[in-house]
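Worksheet for the structure shown next.
The values are calculated or read from the model by the stated rules, or taken from the named source; none is laboratory data. Computed from a prediction, not measured in an experiment: that's the story for all the values here. Counting neighbours? That spans all protein chains shown, and the Cβs are built from the backbone with ideal geometry, glycine included.
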Ligand code: GLY
């Protein structure tokens with residue numbers, strides 16, 4: 001089948017609500033950058049063309065997304081980067097936000113003892129101390145090749161010069177202005193349409209203050225953000241608006257280089273992010289369980305028999321997340337046990353292939369019911385011509401984070417404090433998690449679900465993937481990894497594969513349209529699974545590496561319309 005025919009057929013098979021990305025599939029021996037924004041992917045690819053390596057291109061893409069994808073791309077948030085060099089060396093950079101030093105365990109509880117969700121969702125009390133600038137700088141300093149200024153400058157120029165809005169971008173920004181940005185004068189000034197009214201497709205967005213901040217970060221380095229005029233601006237505006245982040249929080253912030261969490265699955269090496277992300281651990285634990293249950297005997301990743309096992313695995317894995325996981329600088333997380341084959345076999349033996357287990361019973365003694373987690377966040381994947389790879393997921397937590405723009409610096413602050421457990425000890429069915437490992441403490445990082453992943457096989461790079469989507473992230477990533485590592489799909493088919501989510505509690509599974517047919521759905525319900533077919537899940541921009549031809553195959557996730565896989569021109 002020709003590429004055009006195949007692309008047309010794939011388009012017809014997409015889950016409902018999925019739209020076509022600008023350039024969903026590319027292949028190149030010179031490297032690929034895949035992100036949710038075509039402009040940002042192009043900037044990353046231009047850095048590869050200039051002789052930059054995968055880390056240079058990732059840093060450039062990360063800063064560019066802070067301009068072109070302000071709902072999640074950021075310098076006011078945090079995230080995780082995994083790097084695998086062509087020689088097989090792996091490392092990760094943790095630049096997750098931290099709780100400000102003046103934070104307390106109960107700072108989000110109202111007088112009635114209930115969580116005040118407004119405070120964690122929006123405004124000046126919601127942000128954690130941002131980590132992105134320190135994290136990207138740390139990765140670049142250690143592994144980048146081009147000068148820092150060369151990789152940050154394109155984003156600064158883009159913010160200053162402006163860019164044309166797509167239909168999706170203008171709709172998303174108009175929605176955010178109405179919902180939250182217009183509440184804050186600095187945010188309305190930065191993102192509102194000059195002269196008023198709604199933004200339209202084709203309008204140009206210029207972000208002069210952000211351009212100035214990025215320009216200074218490019219020429220002066222990260223200290224301008226953490227101890228210079230940007231830190232002063234944050235301090236001053238926090239004090240004026242009732243926030244608790246101060247200059248000393250920013251001065252004290254450090255990114256951390258951590259060893260990745262690793263596992264194996266059907267002869268593949270899985271390289272993931274260690275705590276404070278739960279993502280890598282969850283993905284490896286689930287793969288271990290499925291391997292133990294003989295995943296390969298099923299006809300496809302979405303065979304109803306396998307879907308049942310994936311749901312049962314998720315119930316146990318997400319239960320363990322609530323029970324044990326938090327910032328490793330504050331609590332001991334039993335990652336070695338959680339990712340061991342022996343523990344996975346114990347869990348696999350509990351699973352009945354004919355009957356659903358009760359998630360509530362599985363959680364006896366800990367009971368950590370659900371909290372709402374935003375679907376925002378963004379992931380990008382980069383591979384250069386030498387086969388060096390970067391998998392990066394970063395976030396503001398909710399779409400457009402706290403909604404608060406730092407006046408004069410033009411960037412949006414995160415609302416990541418909402419990822420902590422906010423009600424110590426409280427265990428109820430309304431959605432409060434009170435388990436200890438992820439309670440708020442000054443200087444602590446909040447637990448994340450972000451799951452950037454790199455897969456290798458026979459000592460060679462194989463797959464780079466990741467996704468946004470709050471707690472759905474590990475399940476989305478799992479779907480792509482299963483497609484590649486267990487069912488030998490192409491990058492396109494693995495990314496398009498309709499996805500499922502189950503997070504232990506609530507005890508419901510949701511499927512993307514097309515994940516299972518009506519007979520499969522009936523089979524699962526007969527086994528006792530509570531299932532519903534929902535909307536789209538995640539945005540997994542992925543790259544498959546063919547070691548034999550040294551070719552990177554980029555697959556943008558067509559669930560988001562502005563996404564693009566770009567190659568160096
Ligand atoms: N804020 C989403 C996450 O870190 O998982």
Hey, does the range 390-406 have a residue that's closer than 28 Å to residue 48 by Cα, at pLDDT 95 or above, assigned to a loop (DSSP other than H, G, I, E, B) and within 16 Å of the ligand (Cβ to nearest atom)?
yes
Could you check, for the range 408-418, whether at least one of its residues is touching a residue at least 24 places away in the same chain (Cβ under 8 Å), within 14 Å of the ligand (Cβ to nearest atom) and more than 26 Å from residue 101 (Cα to Cα)?
no
For the range 11-30, check the following and say yes or no: at least one residue is modelled with pLDDT of 95 or more, assigned to a loop (DSSP other than H, G, I, E, B) and more than 14 Å from residue 390 (Cβ to Cβ).
yes
Which residue pairs have Cβ atoms under 8 Å apart, sit 6 or more places apart or on different chains, and have a first residue in the range 239-261 that is at negative phi and a second that is surrounded by 14 or more Cβ atoms within 10 Å (Cβ to Cβ) and at pLDDT below 95?
none
Would you call residue 284 more than 23 Å from the chain's Cα centre (by Cα) and in contact (Cβ under 8 Å) with a residue 12 or more places away in the chain?
no
Given the criterion buried (at least 24 other Cβ atoms within 10 Å of the Cβ) and either away from the ligand (no atom under 16 Å from the Cβ) or within 24 Å of residue 33 (Cβ to Cβ) (or both), identify the matching residue among 465, 523.
465
Filter the range 195-228 for residues that are farther than 15 Å from residue 163 by Cα and in a loop (DSSP other than H, G, I, E, B) and give the result.
195, 196, 197, 198, 221, 222, 227, 228
Is it the case that some residue within the range 249-260 is within 16 Å of the ligand (Cβ to nearest atom) and buried (at least 20 other Cβ atoms within 10 Å of the Cβ)?
yes
